[in-house]
Structure formats: structure tokens, C-alpha cells
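Just below is one structure, and these are the notes that go with it.
The values are calculated or read from the model by the stated rules, or taken from the named source; none is laboratory data. All values reported here derive from a predicted model rather than from experimental measurement. Positions of Cβ are generated from backbone atoms using ideal geometry, with glycine treated the same way; all protein chains shown enter the neighbour counts.
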Amino acid sequence: MTGMAHLDPMFKGAVSIQAVNEPIMDATLTPGYGEFQKNFVLTVRAVEALLGIGVHAGFPHFSSANFTTVLIEASTTDQFNPEVQDALAAAGPILLQIAAEFNIQPVFNVHAQDGGQREPLTTNFMDINWQFNDPPNPADATLGPQGYDNHLYYSFGGVADPNPDAYLQSICNLRRVENDAAVGNSPLWFGEWALSTQFDASDDFLRDWADAQKLAYSKGQGWIFWSFKIEISPEAGDTARQWSYTEGVKRGYLTRKPAELHNPHVCDDFVE
């Protein structure tokens, strides 16, 4: 994926790769996840080093312009652990195919070819607070640009009591951005959220619920609503009312301009 992001013109807009989406929340059930995080980052950076992009201190310098030579060197150097070496060796045939398809073989230095404009990808993990029971800190794997993701859904329980006041009390006092930053998980964005609830929410509440969540999530590096559009059909019912961004805009719960709010004071009576 790192190779494709830098080599395939169709992926030129890619700026980040997330290692694992929503791992099991109980960290005792994901042994080795911390080592996986470190190896994931090292592999991304190793591929970029092969391409001459964002080479980091401590990484071997690959001087050859022939990709085959560089790949063999990278997958055998003792500066990478066996897991990273294996990943590079497995990715080799795929990267060679990409290079051949886009006529950039044997010269394999994207950084030089595009005038030095390519930037390292941002490696991305769910934030440390996604898991419980002493999870590994993804910040410990950082090497180059890195970001953190959180998904917050109240409708699955365990966040707040199922009533409007409890929901607003909780979201208006959310300190996830600050708590994550205190342990190095910054920048943080909220990659998934919706208007879903555990109770029968009124239209007025959903409008407030949208504003309050946007206020909370905008304290970080932004948010992505899940999902952009959901079908309305006899089979799907009215799921779109709380799960579709386009339907939320149509019904007036969400503002047409994402950065705007219906009521910027929605949290005034709930902030502690």
C-alpha cells in the first residue's frame, strides 16, 4: 500500500494509511499488538526509504537506483528486524509490478522524479484510549508523521445513560482530545460518528446532538461522519435518519456547510 500510494498516480491523493481499524477493545485479547504497531511503521518507512522519500536518522542509505538491488539489500540488512525484512521481501514482487506498469523501472527514485515534492505518509492508529486493560501506546511506534483516530458511538451503550440530557452532559464534557494528547496521541481526529441513539430521539434533539458532537470533535483535527449516504428502502427502514450524512442535511439535523452549527451555544447548560 505504501508503494502504491507513492507510485500509482491513482493513489496520489493518499496521505495516510491506518494499520488496523477498530481492534478488539480488550487489550488482553490482542497480545503482540504493540510490536505490530512498531513493525507497521518501520515497514512503511523502509519502503519510503527505498524510494528516497523522507529517509529518517538511523535508516540505512540505499544509494543504488536499481530497485531490485535495493530491495535485496533492504530485506537482508540487519538494521531491520526479521518481521520487517519478511514484509519487504513479500512486497518486492508487487512493487516491481507497479514500477513496470508505470514505466519507472529500473530507475526507482520517486523523490527525484517528481521534483522532490513527495512527502512521507502519515501512519495512523486507533488512539490508545480505544482499548482498555493496559493497551500499548501507538505513540511509542512513531517515526515520522503519525496521527490517531477515534470512533465514538453512543448507540451501542457504555458511554452515557440512554436519555437526551445524559448524552449532552457526556459529549459536552468530552476530554478525549486532551487525554490523548497527554500521552502523545496527537493529532487526533474522529474518523467515525453518527446521530444514532439508544432511545427514540426527536428531531429537535438530533439537531442539538449533531451540533454538540461537532463541537466536541472539532477540538481535534476534525471529523468524518459515518456514513455519507445510506439507502432508504423497505429493507433498510429509516436507518438513514440517524446514520446518513446526506439525509441528516436534508432533514435539517446537520448544516449544509459542515463547519457551521445551528446552535453554537448548545453545550452552555451542560459544561461542567
* Asked: If you go through segment 217-243, how many residues are over 18 Å from Asp200 (Cβ atoms) and in contact with a Phe, Trp or Tyr (Cβ under 8 Å, 6 or more places away or on another chain)?
  -> 12
* Asked: Within segment 114-141, which residues are of a type in the set (Phe, Trp, Tyr) and either within 21 Å of Ala14 (Cα to Cα) or modelled with pLDDT under 95 (or both)?
  -> Phe125
* With Val84, Val110, Val70 as the choices, which residue is in contact with a helix residue (DSSP H, G or I) (Cβ under 7 Å, 6 or more places away or on another chain) and at pLDDT 80 or above? -> Val84
* **Given (1) farther than 25 Å from Phe125 by Cβ; (2) exposed (fewer than 14 other Cβ atoms within 10 Å of the Cβ), number of the condition Phe228 does not satisfy** => (1)
* Return the residue satisfying two criteria in turn: it lies in segment 31-65 and is over 28 Å from the mean Cα position of the chain (by Cα) and surrounded by fewer than 14 Cβ atoms within 10 Å (Cβ to Cβ), and of such residues it is modelled with the highest pLDDT. => His61
* Considering Phe225, Phe205, which residue is closer than 22 Å to Ala14 by Cα and not assigned by TED's automatic domain parsing to the domain that holds Phe36? -> Phe225
